[in-house]
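Participant: Below you will find the structure I want to go over with you.
Derivation of every value follows stated rules applied to the coordinates shown; laboratory data play no part. All values derive from a computational prediction rather than experimental measurement. Cβ placement follows ideal geometry from the backbone for every residue including glycine, while neighbour counts extend to all protein chains displayed.
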Amino acid sequence: MTLIKCNNVTLGYSSNVIVKDFSLTLSSGDYLCILGENGSGKSTLLKGLLGLKSPLKGNISFVGLKQNEIGYLPQRINIQKDFPASVYEIVLSGCLGCLGVLSFYGKQQKKIALENMELLGIRNLQNKSFRELSGGQQQRVLLARALCATKKILILDEPCAGLDPIVAKNLYKIIKKINTDKNIAIIMVSHDIGSAISDSNMIIHMQEDKPMFFKTPQEYCESLIGKRFLGGI
Amino acid sequence: MFDIIDNILQYPFITRALIVGVFVSFCAALLGVSLVLKRYSMIGDGLSHVGFSALSIAVAMNWAPIIISIPVIILTAILLLHFSEKNKISGDAAIALISTSSLALGIIAVSITSGINVDVFNYMFGSILAISQSDLILSIVISTIVLILFIISYNKIFAITFDENFALAIGINVKFYKMLLAILTGIMIVVGMKIMGALLMSSLIIFPTLSSTRVCKQFKSVAINSAIISIMSFIIGLIFSYFCSTPTGATVVVVDLLIFIIYSLIGVFKQKV
Ligand SMILES: Nc1ncnc2c1ncn2[C@@H]1O[C@H](COP(=O)(O)OP(=O)(O)OP(=O)(O)O)[C@@H](O)[C@H]1O
Ligand SMILES: [Mg+2]
C-alpha cells in the first residue's frame, strides 16, 4: 500500500533551495535510509515528508496515511534546559495523536507507553526528570515516545546519535523487527552506512544539487558516490 | 486564623474580592505554566498593557469597559502570538513595541477626556473596592470555562509546550491550541486587572510557575503546585493588605516574590544534598 507520494518536490528556506526536484513513492514495509554529508538537507527532507515544512515547488501527499499515524524522532528538540517533565509524561505524550478532543490517556495508552519504555530499557527511569538524564538516555526517551505514536510509519532523524555501540546495535535490531513484523515503513537518516546497507531496501544519498535515489542497497554500493562514502576515499 | 478570616469576611466587598481573586489566580497560574515554559511570558505582559489601554479608553469614552476590551485583547493575543512565532528576537521587540504604544495611546485618550480619574487609577494598580457583583459573576463564569478547557486539553498543552514539532508531526492542531491559550490568557488578564492592576497582573501568570520549577520535576506537579501557590499568595496578600492598609495587588506580588525566594532556596538546598 502506498503511503507517501512526492512529485518533483523542491524544498528550501525562503529562496535558498536545499532539496531540488525530488520524487519518491513510499509504501508500507519499505525501509528507506537517507545518507549524506552534514548540511546536505537530510533533516530538511524529513520535515518536508512529515508536512512540517511545505515544499517550494511540487507536492507531497499522504495516500493511505493520516498525520496521526506517524512516529517521529527529531534530530534535536528545542526545550528549555530546566523543563520539568518526567520520562513517563514524555513517552505517554506519544500516544496523543490517536486521542480526540478529550485527550485523556486510557489503559491502552498507558500499556503502550510501558511496553516501549521496556523495549528501550528505560523502564527504571520512568519517574526521573528528563533534564537530569544523560544525552543518550534522553535520546531513548524520545525514541520511546516516537514508537508510541507509530501506527504505519516511523520517521527517525539520526536515532543512534549519542548512543553507545551496544545500545545502538540493539536499536537497529528493534527498528528492523518493527519494520518486518508489523509491516511499518521506516524512514531513517543515518550516518551508519553498515546498518543502512544491511537493513534498508532503498537509499537516498543527499548532495548539493540533487538527491540521488537508489532502488537497492547493492546499487548504492556499486555507485561512485556509494564507493566514496563506504571507502572514505 | 479563622477569627481573622471571619473578621475580614464581614465586609461584602472583601468577600467578593476574595472569590474573584482566588478564581483569577488559580486560572492565571494554570495558563502561566505553559506560557512561561514556552518562553511566552512577554505575551502575558504585553497583553496586560494592551488590556489597560483598552479599558482606559473605554472608560474615557464612557463605553462598557469589559465589552470593549475583551475583543481588543483577543485580537492582540492573536497578533502577539504571530509575532513571537515569526522571529524570536524581533518578536520580543515587537511585543514591547505594541505594549508601550498601546499604553501611550491609552494615557493620551485618558488625559484628553477625563484625566487620570479613580477608575483609570484602579485599572492601573488594582483595587478590591472596585469589584462589583457583575465582576464576581463574570470571573466565576470565565474561570470555570478556562478550567474546563485546560483540563480537557491538558495533555495536548503538555505535548505542545514540551516539543511543538513533535506535536505537529503526530497530528495535533498546534495552532488552535496556542491560539486558545493566548486568547484565554487575554481574557483572564482583563478579568483580573481590576483587582490586581494592569501593571501587576502578569506576575500572577509568571511567578507561580517560576517558583514551582525550582523544586518540581514533573509537569503535572508544576501545574498543581503553581495553582496552590497562586491561591495561597493571593489569600495571604489580601489578609496582609487588609491589616496593613497596603494596596492588594502589590501586596500579592510581594508575597509571590517571597515564595519564589523560598522555593529557590529549597531548590538550591535540594541540589546540594
Ligand atoms: N531553519 C533554517 N533556516 C534556514 N536555513 C536552514 C534552516 N535549517 C537548515 N538550514 C540550512 O539547510 C541546509 C540543510 O540543513 P539540514 O538540517 O537539512 O542538514 P542535514 O543534512 O540534516 O545535516 P546534519 O547531518 O548536520 O544533520 C543547511 O545548509 C542549513 O544551513
Ligand atoms: Mg540533520
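Participant: Starting from the Cα of A:S27, step 7 Å along the direction of its Cβ; do the same at B:V268; then give the gap between the two resulting points in nm.
Facilitator: 6.5 nm
Participant: Based on the Cβ-Cβ distance of B:I140 and A:K210, what FRET efficiency does E = 1/(1 + (r/R0)^6) give at R0 = 60 Å, to the nearest 0.05?
Facilitator: Calculated transfer efficiency: 0.45.
Participant: If you don't mind, another one. Hey, with R₀ at 22 Å, roughly what FRET efficiency would B:I224 and A:F104 work out to, going by the Cβ-Cβ distance, to 0.05? Write out the running numbers ahead of the final one.
Facilitator: Details: r = 17 Å, r/R0 = 0.75.
Working from the Cβ atoms, E equals 0.85.
Participant: Once every DSSP H run of n ≥ 4 in chain B is given -39500 (n - 2.57) and the sum is divided by its residues, what mean residue ellipticity at 222 nm do you get, rounded to the nearest 500 deg cm²/dmol?
Facilitator: -29500 deg cm²/dmol
Participant: Still on this model: Out of residues 5 or more away from A:G36 or on other chains, whose amide H comes under 5 Å of its own, with H placed 1.01 Å from N in the peptide plane?
Facilitator: The list, which skips near neighbours in sequence, is A:M206.
Participant: Per the Kirkwood treatment, what hydrodynamic radius in Å, one decimal, follows for region B:2-272 from the mean inverse distance over all distinct Cα pairs? Mind showing how you got there, number by number?
Facilitator: Values: mean 1/r = 0.0530 Å⁻¹.
For region B:2-272, the Kirkwood estimate is 18.9 Å.
Participant: Related question: Order by neighbour count: A:V167, B:V59, fewest other Cβ atoms within 10 Å first, most last.
Facilitator: The order, fewest Cβ neighbours first, is A:V167, B:V59.
Participant: Here is a follow-up. Among DSSP bridges having both ends in chain A, what percentage is antiparallel? Round to the nearest 5.
Facilitator: Around 50 percent of the beta bridges assigned by DSSP in chain A are antiparallel ones.
Participant: When only C-alpha pairs under 8 Å and at least 6 residues apart count, what is the relative contact order of chain A, in percent?
Facilitator: Averaging sequence separation for qualifying contacts and normalising by length gives 27 percent for chain A.
Participant: Follow-up question, since we're still on this one. Take A:E69, B:E85 and order them by how many other Cβ atoms sit within 10 Å, fewest up front.
Facilitator: Details: A:E69 19, B:E85 13.
With the sparsest Cβ surroundings first, the list reads B:E85, A:E69.
Participant: Something else about it: Of the listed pairs A:K5/A:K47; A:K107/A:K152; A:K182/B:K178; A:K5/A:K182; A:K173/A:K215, which have alpha-carbon separations greater than 25 Å here?
Facilitator: With Cα atoms farther than 25 Å apart: A:K182/B:K178.
Participant: If I build a Gaussian network model for chain A, linking alpha-carbon pairs within less than 10 angstrom, which residue out of A:S190, A:S14, A:S43 has the largest mean-square fluctuation?
Facilitator: A:S14
Participant: Mind listing the long-range amide H neighbours of A:K57? Cut-off is under 5 Å, sequence gap 5 or more, other chains count too, H placed in the peptide plane at 1.01 Å from N.
Facilitator: Residues meeting the criterion, in which the H sits 1.01 Å from N, are A:T10.
Participant: What does the convex hull of the Cα atoms come to per residue for region B:174-271, in Å³?
Facilitator: Working: hull volume 9.9 nm³, N = 98.
Roughly 101 Å³ of hull volume per residue.
Participant: Further question: Per-residue HN-Hα couplings for region B:52-68, Karplus 6.51 cos²θ - 1.76 cosθ + 1.60 at θ = phi - 60°, whole Hz, x for Gly and Pro?
Facilitator: 4, 5, 4, 5, 6, 5, 4, 5, 4, 8, 6, 9, 5, x, 5, 5, 6
Participant: OK, next. Can you give the calculated 222 nm mean residue ellipticity of chain A, where each DSSP H run of n ≥ 4 adds -39,500 (n - 2.57) and the sum is split over every residue, rounded to the nearest 500 deg cm²/dmol?
Facilitator: Value at 222 nm, helices only, nearest 500: -10000 deg cm²/dmol.
Participant: Using Cα-Cα distances under 8 Å and only pairs 6 or more residues apart, what relative contact order does region B:2-272 have, in percent?
Facilitator: Result for region B:2-272 is 31 percent.
Participant: Counting only DSSP beta bridges with both residues in the protein assembly as shown, what percent are antiparallel, rounded to the nearest 5?
Facilitator: Among the beta bridges of the protein assembly as shown, antiparallel pairing accounts for roughly 50 percent.
Participant: What are the ³J(HN,Hα) values, in whole Hz, obtained from phi via the Karplus relation 6.51 cos²θ - 1.76 cosθ + 1.60 with θ = phi - 60°, for each residue of region B:116-123 in sequence order, with x given for Gly and Pro?
Facilitator: Values, residue by residue: 6, 8, 4, 4, 5, 4, 4, 5 Hz.
Participant: Quick one: grab Rg to one decimal and Dmax as a whole number for chain A, Cα atoms only, in Å.
Facilitator: So, for chain A, Rg and Dmax equal 17.8, 56 Å respectively.
Participant: Output wanted: per-residue J couplings in Hz (rounded whole) for region B:98-113, from phi through Karplus 6.51 cos²θ - 1.76 cosθ + 1.60, θ = phi - 60°, x for Gly and Pro.
Facilitator: 4, 5, 6, 4, 5, 4, 4, 4, x, 5, 4, 4, 5, 5, 5, 8
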